[in-house]
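What follows is a single structure, written as structure tokens, with notes after it.
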Amino acid sequence: MNFNEDPHRRLNILTGEWVKVSPHRTKRPWNGQVEKLPLDKLPKHDPLCYLCPGNSRAGGLTNPEYKGTYVFDNDFMAILPDTPAGSYDKGLLQAKSERGLCRVICFSPRHDLTLALMSREEVESVVELWIDQYDELGAMDFINHVQIFENRGAVMGCSNPHPHGQIWAEEAVPHLPALALAKQKEYLSKNISCMMCDYLEQERADGSRIVFENDGFTVLTPFWAVWPYEVMILPRRHMGSMLEMSGDEKSDLADAVRRIGIRYDNLFHTRFPYSMGIHQNPTDGADYPENHFHFHYYPPLLRSATVRKFMVGYELLAMAQRDITAEQAAETLRRLSDVHFSREDDESDE
Ligand code: H2U
């Protein structure tokens, strides 16, 4: 089978789902000219932004004059800490109550920055905050899973450009991380080896889907990627959560997060939209030797700052499908610069 010619399907080892790949439709990655439009100029502080320091939020509270990162309880939590336990069981109709809490994390007091435009040290402080929040929320007795994520760009339903992410911490392990845990557990019991350690070894030996690496982390387009420029960040050492990282690894993670953000923005000269999130051990006190923590990035753009991939038609009714292969996407991302396009002439970038 020729990956670059023949329609085929690939297995997602973390979910057990298949993705259809149709490389004959676009044999090469799109190399058309991208108009070099400047980024829309945002103010450093927006008096109308509910995340900027000193501004009031919809809930009536006022943000402090924070100077670094800032975290607060979401004023509109999707799940609440005091929901009474309960369930509904009428044969085919099943429901269970959900307890949890949601927080908002501001990555920077600067309204105009993004993870891609922040310094490595500034992104390191975001990594520290992710670790602290995972630790603090995970220690709460009713919290068994902590989902940290960032939803970026209007096209992803995020209306506020202020650099921020969210955390939903809850009682039950949600469906997708639970599936990934089950797949990794199954593999470990069969092979006496970590699935993602073995996967990483195979990817590093092959090289065609590696975007870049540093000492602690590998950034790659997964073999089973569904979104055009989907990537994963994988720690090279087997770790179940970010709590296990050394000081150097925290810095390497900040480097990886920052550089993939820069390359994404450089791809179509835009503030590249995406949803990204971290899958770590559940926080229910059990051991998860099978789990290898990782980041998923799901970006929707396909051909330009405005042409996106839609998951519709066949994909909603049958299965996910893509045209450009994971290898082509990795090659495109690999060739991009680590200097943000808006700062190409700015020597003070680092
Ligand atoms: P998104 O832009 O990714 O949707 O995140 C913004 C979050 O901020 C959203 O979950 C919360 C929303 O509930 N929020 C507040 O907590 N307070 C506000 O004053 C406005 C928005």
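The values are calculated or read from the model by the stated rules, or taken from the named source; none is laboratory data. Note that the coordinates shown come from a computational prediction; the quantities given were computed from them, not determined experimentally. Methodologically, a virtual Cβ is constructed for each residue, glycine included, from the backbone with ideal geometry; neighbour enumeration extends over all protein chains shown. Quick note on the areas: whole protein, heavy atoms, side chains included, nothing else; ligands and nucleic acids left out. Shrake-Rupley method; radii C 1.70, N 1.55, O 1.52, S 1.80 Å.
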- Query: Does segment 238-260 contain any residue that is within 18 Å of T332 (Cβ to Cβ), among the basic types (K, R) and open to solvent by less than 50 Å² (accessible area, probe 1.4 Å)?
  - Reply: yes
Taking first residues from segment 46-61 that are in contact (Cβ under 8 Å) with a residue 24 or more places away in the chain and open to solvent by 80 Å² or more (accessible area, probe 1.4 Å) and second residues anywhere that are in a loop (DSSP other than H, G, I, E, B) and within 11 Å of the ligand (Cβ to nearest atom), the pairs with Cβ under 8 Å that are 6 or more apart or on different chains are Y50/R57; Y50/A58; Y50/N63; Y50/N160
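Yes or no, residue by residue, for (1) under 22 Å from N151 (Cα atoms); (2) surrounded by fewer than 19 Cβ atoms within 10 Å (Cβ to Cβ):
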| position | (1), (2) |
| --- | --- |
| I278 | yes, no |
| E290 | no, no |
| V307 | yes, yes |
| I324 | no, no |
Of the residues in segment 90-112 that are touching a residue at least 60 places away in the same chain (Cβ under 8 Å), in a strand (DSSP E or B) and away from the ligand (no atom under 13 Å from the Cβ), the one that is most open to solvent (accessible area, probe 1.4 Å) is K96
Checked against (1) open to solvent by 40 Å² or more (accessible area, probe 1.4 Å); (2) more than 29 Å from P300 (Cα to Cα); (3) away from the ligand (no atom under 15 Å from the Cβ), I143 satisfies every condition except (1)
Picked from segment 66-79 (must be open to solvent by 60 Å² or more (accessible area, probe 1.4 Å) and without any contact (Cβ under 8 Å) to a residue 40 or more places away in the chain), the residue nearest to S97 (Cα to Cα) is F76
How many residues of segment 1-33 are under 25 Å from the mean Cα position of the chain (by Cα), open to solvent by less than 30 Å² (accessible area, probe 1.4 Å) and at pLDDT below 85? The answer is 1
Scanning segment 157-188 residue by residue, those open to solvent by 50 Å² or more (accessible area, probe 1.4 Å) and within 14 Å of the ligand (Cβ to nearest atom) turn out to be G157, S159, P161, W168
Look at N291 and say whether it is under 16 Å from L115 (Cα atoms) and in contact with a helix residue (DSSP H, G or I) (Cβ under 7 Å, 6 or more places away or on another chain). no
Practice prompt. Determine whether segment 117-135 contains at least one residue that is among the aliphatic types (A, V, I, L, M), in contact (Cβ under 8 Å) with a residue 24 or more places away in the chain, in a strand (DSSP E or B) and open to solvent by less than 20 Å² (accessible area, probe 1.4 Å).
Written response: no
Quick count over segment 73-89, residues being part of a loop (DSSP other than H, G, I, E, B) and within 16 Å of the ligand (Cβ to nearest atom), is 7
**Asked** Does segment 206-218 contain any residue that is among the acidic types (D, E) and over 21 Å from K250 (Cα atoms)?
**Response** yes
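Out of curiosity, is Y298 at pLDDT 95 or above, buried (at least 22 other Cβ atoms within 10 Å of the Cβ) and among the hydroxyl-bearing types (S, T, Y)?
Working: at pLDDT 95 or above: yes; buried (at least 22 other Cβ atoms within 10 Å of the Cβ): no; among the hydroxyl-bearing types (S, T, Y): yes.
No; evaluated as a whole, the condition is false for this residue.
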Contact list, first residue from segment 180-196 and without any contact (Cβ under 8 Å) to a residue 24 or more places away in the chain, second anywhere and in a helix (DSSP H, G or I), beta-carbon distance below 8 Å, six or more apart or interchain, is N191/D198; S193/Y187
